[in-house]
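Trainee: Submitted below is the structure of interest, expressed as structure tokens.
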Amino acid sequence: MRNELLKLLSTNARYTVEQLAVILAATPEAVAAEIDALEKQGVICGYKTVIDWEKVDATSVSAIIELNVVPKADLGFEEVAERVASYPEVEAVYLMSGGYDLNVVVKGKNLQEVSRFVARELATIDSVTSTATHFVMRRYKEMDVKLIERDKDDRGTFLL
Amino acid sequence: MMDYSKILSDTVQNIKPSGIRKFFDIAATMDDVISLGVGEPDFQTPWSVRKAGITSLEKGKTKYTSNSGLLELRREISNYIKRKCTVEYDPTREILISVGGSEAIDATLRAIITPGDEVIIPQPSYVCYEPITQLVGGVPVIIETLAENDFKVTPEQLKNAISEKTKALILPYPCNPTGAIMEKADLEELAEILRDTNIVVISDEIYSELTFAEHDHVSIASIDGMRERTILINGFSKTFSMTGWRLGFACGPQEIISQVTKIHQFAIMCAPTTAQYAAIEALRNCDEAVADMKAEYNRRRRLIVDGFNKAGLTCREPKGAFYAFPCIKSTGLTSEEFCERLLEAKHVAVVPGTAFGQGGEGFVRASYCYSTEHIIEALRRIDEFVKEIQK
């Protein structure tokens, strides 16, 4: 049940326990218990809504920042990663293979705010040796959800 | 002024047009119709299959294939049927690749029926069997399958329908619109009756992969004594979401297939070449994609059956295809009234059971080839509608 349940919740976090129970051919109690366990184990870490903010507030801006970091002796990149992750402006932090170390996604009210954040909070971290900021111009797809025009169902209404 | 009624064939003019024309027209005037009315998958054809088709075009594979279809594809079909149905068909003589399962049914009937022959057709079932039978000069003999028999053909019903004029029995399982399946024991009972006759079974198994029961789909061709009198028809439309590609096949004894192929050769030449190349890829590499689609259909199936039952419209569990066939008698409306009023009041489209035969009166067909969100919203509106009716 676990994998199927996780797949369902990852496509739609708003399924009710009753709906999940029907879909999975399980009891609502079993489903609720499994969700509970997955939350406690840290497998399910949160429930978010995918919003096209451009339609709400055209000035808000996101940036992807590439950080190069000098890793610490015993801690590696952990310390820096955790510090960066603790900022509310930071939406995502990933340790990367390849040309740079940490990929950081930052969201701000406008371009200046994001720039200021990078310059004051990220670039100034001791082990950060360089930053490269790339601003997101347009979002097409996020968390497996298309933000651009949804696929139309061109099958019509009836077909025998 | 031309009098076209004198020009058109009597047979054609006597075939009744589809009963749901008026629903098309009503729905066309509405913007936000939530439809549960279509009979084709919402999934895309798996990418590797589309790619194989595209590649074949890039390579210039645009000529006719052999009348029977690409031998490579027939070999794959032979392997597939052996794997799934445990029946062996010689790809060089016993398999024809057709333009959808539809053409296979049509050509097979044309190969078998002499005008006046009777063709037993279970209903409610897909709308094409009766008209195609009539067009060929056959006489349809309808078996009304019943909800209390899970819409299966019973041995008693079969015995009563057989006369000395019976030439063919159409067995469409898993069934559109009822979602019914026939299991091994059910088929063995029918085989008992058919074994010593000259009745040909035309087994339309297009929904075979969508079987949601303890056991996988069983073909009547695999039952003792039935292979020599069965034409097994299947295709790619529903299994691989390839409806628009128009590709199917017929398997059977070479004595029959050779004649069906003769008709196909004159009328069609060959099935679409691009589709054939794509289908080879489908049979070779898409087991996982098919399993994923089936699992998704199964989730939706549970949701929709539960939803109808909770709304007070008894829905027996459909074990095949992608249709639910709830009973709407509790509303006191006829099938057509129910569909018309539901469409007008709630902009939800379902198909009246009567579109599939008189035995469909009191039922409606709801497809679950839609996303769960779509189904949930449709069910919510149907629930409201039923409550409003019962006030």
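Trainee: Tell me which residues come under 5 Å, amide H to amide H, from residue B:242 once H is placed; ignore anything under 5 positions away on its chain.
Mentor: Long-range HN contacts for residue B:242: B:237.
Trainee: Moving on to the next point. If we count other beta carbons within 10 Å of each Cβ, what is the order of B:182, B:1, fewest first?
Mentor: The order, fewest Cβ neighbours first, is B:1, B:182.
Trainee: Label segment B:142-251 by shape, choosing from rounded, prolate and oblate, from the square roots a ≥ b ≥ c of the eigenvalues of the Cα gyration tensor; if a/c is under 1.5 it is rounded, and otherwise prolate applies when a/b is larger than b/c, oblate when it is not.
Mentor: The shape class here is prolate.
Trainee: Could you please rank B:268, B:20, placing first whichever residue has the fewest other Cβ atoms within 10 Å of its Cβ? The partial results should precede the final answer.
Mentor: Values: B:268 14, B:20 22.
The order, fewest Cβ neighbours first, is B:268, B:20.
Trainee: A follow-up question, please. Going by alpha carbons, how many degrees (0 to 90, nearest 10) lie between the helix axis of B:372-389 and the longest principal axis of chain B?
Mentor: Helix B:372-389 and the main axis of chain B meet at about 50 degrees.
Trainee: So if I take the alpha carbon set of segment A:101-160, get Rg, then get Rh from the Kirkwood formula, what is the Rg over Rh ratio? If you can, show how the numbers build up before the last one.
Mentor: Numbers: Rg = 19.7 Å, Rh = 15.2 Å.
My calculation of the ratio gives 1.30.
Trainee: Measure nothing fancy, just the Cα-based angle from helix B:287-310's long axis to the longest principal axis of chain B, in degrees from 0 to 90, nearest 10.
Mentor: 30 degrees
Trainee: At most 14 other Cβ atoms within 10 Å and a DSSP loop assignment: could you name the chymotrypsin sites (Phe, Trp or Tyr not before Pro) in segment B:45-152 that fit?
Mentor: Taking segment B:45-152 and a limit of 14 other Cβ atoms within 10 Å, the loop chymotrypsin sites (Phe, Trp or Tyr not before Pro) found are B:64.
Trainee: In whole Å, how far is the Cα centre of segment B:36-58 from that of segment B:139-199?
Mentor: Centre-to-centre distance over Cα atoms comes out at 33 Å.
Trainee: So, one more: Taking 25 Å as R0, compute the FRET efficiency from the Cβ-Cβ separation of residue B:314 and residue A:9 and round it to 0.05.
Mentor: 0.20
Trainee: Which pairs, out of A:141/B:59; A:7/B:84; B:294/B:319; A:146/B:59, put more than 22 Å between their alpha-carbon atoms? Display every interim value, and only then the final one.
Mentor: Values: A:141/B:59 33 Å; A:7/B:84 29 Å; B:294/B:319 12 Å; A:146/B:59 34 Å.
In this structure, A:141/B:59; A:7/B:84; A:146/B:59 exceed 22 Å between Cα atoms.
Trainee: Kirkwood hydrodynamic radius, computed over distinct alpha-carbon pairs, for chain B: how many Å, to one decimal? Walk me through the numbers on the way to the answer.
Mentor: Numbers: mean 1/r = 0.0460 Å⁻¹.
Taking the inverse mean of 1/r over all distinct Cα pairs, chain B comes out at 21.8 Å.
Trainee: Spelling out what I want: for every residue of segment B:60-69, take phi, set θ = phi - 60°, compute 6.51 cos²θ - 1.76 cosθ + 1.60 (Karplus), and round to whole Hz; glycine and proline get x.
Mentor: These are the phi-based 3J(HN,Hα) values: x, 7, 10, 8, 4, 9, 4, 3, 6, x Hz.
Trainee: Based only on Cα atoms, what mean projected area does the convex hull of the protein assembly as shown have, in nm²?
Mentor: Mean projected area for the protein assembly as shown: 33.9 nm², to one decimal.
Trainee: I need the semi-axes of the equivalent ellipsoid of segment A:1-141: take the C-alpha gyration tensor, multiply each eigenvalue by 5, square-root it, list largest first in whole angstrom.
Mentor: Over the Cα atoms of segment A:1-141, the semi-axes work out to 36, 21, 11 Å.
Trainee: Report the normalised scattering of segment A:1-64 as log10 I(q)/I(0) at q = 0.15, 0.23 Å⁻¹, calculated by the Debye formula with identical scatterers on the alpha carbons.
Mentor: Reported log10 I(q)/I(0), two decimals: -0.56, -0.92.
Trainee: Separate question: What percent of all Cα-Cα pairs in segment B:24-71 falls in each 5 Å bin, counting up from 0?
Mentor: For segment B:24-71, the pair-distance distribution reads 5, 13, 13, 14, 13, 10, 9, 12, 11, 1.
Trainee: Have a look at the DSSP beta bridges in the protein assembly as shown and tell me what percent are antiparallel, nearest 5.
Mentor: Roughly 65 percent of the DSSP beta bridges within the protein assembly as shown come out antiparallel.
Trainee: Angle, helix B:47-58 long axis vs. longest principal axis of chain B, Cα atoms, 0 to 90°, nearest 10?
Mentor: 50 degrees
Trainee: For residue B:10, project a label point 7 Å along Cα to C-beta. Then give me every residue of segment B:129-164 with its amide nitrogen under 20 Å of that point.
Mentor: From segment B:129-164, the list is B:131-141.
Trainee: Could you give log10 I(q)/I(0) at q = 0.15, 0.19, 0.21 Å⁻¹ for segment B:1-142, computed by the Debye formula over C-alpha point scatterers of equal weight, without solvent?
Mentor: Log10 I(q)/I(0), no solvent term: -1.15, -1.24, -1.28.
Trainee: Starting from the Kirkwood Rh over alpha-carbon pairs, what translational D in µm² s⁻¹ does segment B:263-391 have by Stokes-Einstein at 4 °C and 1.567 mPa s?
Mentor: 78 µm²/s
Every number here is computed from the coordinates shown, using simple stated rules; none is lab data. Quick caveat: nothing in here was measured; it's all calculated off a predicted structure. Glycine also receives a Cβ, built like all others from the backbone with ideal geometry; neighbour counts cover every protein chain displayed.
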